[in-house]
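Here the structure comes first, spelled out in structure tokens, and everything after it is commentary.
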Amino acid sequence: LEKFKELYYADHSTTDVPKVTVVEDGTILPYRYIAASKGAGGVLDNNGSFVEASCIKSYFGAPYAIDDVNIEFLDETLVFINFFPYHWGHFLIDVVSRLWYPLSCSENFRIAYCIGNKNIEGNFKSFFDYAGISEDRLLPVTKPLKVKRIIIPDPAMSFGMPFRKEYLEVVDKAVKAM
């Protein structure tokens, strides 16, 4: 019981500032189910190497071969927030934890994410609305995209790590708008 109380009352925050990984001329691979692995997809750098910052360690992120002959090129900067899980708890941790960057950035970059077979709707869409992210900024990646610049924000919170104030700022912004 004492150990539980100690953990309960402990400060689980950190003053560390989350960073971003910037990939020039990278490729975003859409989600793909591959048997005996976590979901594959994420970001490749301009040499075709997988960018670890683009994965969610527990269930998403791995490279796979693509036919890059007919790949679409976007001459813009995108913020990549990872895989969009259609599960409220994972959404709050794995997606919301990366929204600190597009919300704190002065540019209105589009926000790219990998998705399975569902669109963003319901509470998920409402959260983006409340956070001030309009639907026209959201870009579901359903086919490989070559992109001029990809910004990958570090998560401001994740399982087993202290949370950062940037996470609370995103949540507070959405809550205050409700």
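The values are calculated or read from the model by the stated rules, or taken from the named source; none is laboratory data. A quick note: this is a predicted structure, and the numbers were derived from the prediction, not measured. Neighbour counts run over all protein chains shown; Cβ positions are idealised from the backbone, glycine included. Heavy atoms of the whole protein, side chains included, go into the accessibility calculation; ligands, DNA and RNA do not. Shrake-Rupley method; radii C 1.70, N 1.55, O 1.52, S 1.80 Å.
Data overview
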read-out	value
Kirkwood Rh (inverse of mean 1/r, distinct Cα pairs), the stretch 1-106, angstrom	16.2
Surface per residue (accessible, 1.4 Å probe) for the stretch 38-178, Å²	49
Sulfur and carbon atoms: percent of accessible area, the chain [1.4 Å]	53
Point-to-point label distance, THR14-ILE66, nm (Cα→Cβ direction, 7 Å offset)	3.0
